[in-house]
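Working notes, structure below.
The values are calculated or read from the model by the stated rules, or taken from the named source; none is laboratory data. This is a predicted model, so every value here is computed, not measured. Please note: Cβ atoms are built from the backbone with ideal geometry, for glycine as well, and neighbour counts cover all protein chains shown. Just the protein is used for accessible areas: all its heavy atoms, side chains included, with ligands, DNA and RNA removed. Shrake-Rupley method; radii C 1.70, N 1.55, O 1.52, S 1.80 Å.
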Amino acid sequence: MPGFARTLRTRKEVDVAAVYDPNRKLAAKYAMELQAPVVDDPALIFNDPSITAVTICGTTPQHNELVGPAARAGKHMFVEKPLAINARDAARIALAIQQSGVIFQTGHFMRSSGLLRFVKQEVAADNLGIITRARAS
């Protein structure tokens, strides 16, 4: 979460409406950094029509109880990886997302990096030949 909090603070087009975490101390810490109120129930966020998207950075077991309700509430979302701790929960979460039609992204490290998207495009186009190893830093 620390990186997300820093990034959110720098985005002029993002207004953080509320922070929820079952760990009240963590919620208070990030709420102070993001200059937003703490809520004790995520339903207050999910049921607020003025909130269009959520970032879910809780522990993986928490995703099961947060992502489904967020999707059903029509909230677009970014969810930290991994999505779930087992295939059954991942399938249930994926179904809720698909049925809702929300925009969804899982937070794989540097997934949207321009450089990595370019490399993926070149690999898919078979422009790099047979790749036997890759290294990045």
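Rolling a 1.4 Å sphere over the protein heavy atoms, what is the accessible area per residue of region 40-87, to the nearest Å²?
51
Loop only by DSSP, 12 or fewer other Cβ within 10 Å of the Cβ. Give me the chymotrypsin sites (Phe, Trp or Tyr not before Pro) in region 1-74 that pass, ordered by residue number.
Filter output for region 1-74: empty list.
For the chain, what ratio Rg/Rh do Cα atoms give with a Kirkwood hydrodynamic radius?
Using only Cα positions, Rg/Rh for the chain is 1.04.
Can you give the three extents of the C-alpha atoms in region 1-47 along their principal axes, from longest to shortest, in whole Å?
Ordered largest first, region 1-47 gives principal extents of 26, 23, 14 Å.
Quick one: which residues, 5 or more positions from Val54 or on another chain, have an amide H under 5 Å from its amide H? H modelled 1.01 Å from N in the peptide plane, none for Pro or chain starts.
Sorted by chain and number, the residues that satisfy this are His76, Met77, Phe78.
Probe radius 1.4 Å, ligands and nucleic acids ignored: give me the carbon and sulfur share of the accessible area of region 27-133 as a rounded percent. Could the numbers behind the result be given before it?
Details: 4010 of 6950 Å².
Reported share for carbon and sulfur atoms: 58 percent.
What percent does the relative contact order of the chain come to when contacts are Cα pairs within less than 8 Å and at least six residues apart?
The value is 15 percent.
Mean 1/r over all different Cα pairs, inverted: what Kirkwood radius does region 40-95 give, in Å?
It is 11.4 Å.
May I ask you to evaluate 6.51 cos²θ - 1.76 cosθ + 1.60, the Karplus curve with θ = phi - 60°, for each residue of region 116-126 and list the ³J(HN,Hα) values in order in whole Hz, giving x for glycine and proline?
My calculation for region 116-126 gives 5, 5, 5, 4, 4, 4, 5, 5, 4, 7, 6 Hz in order.
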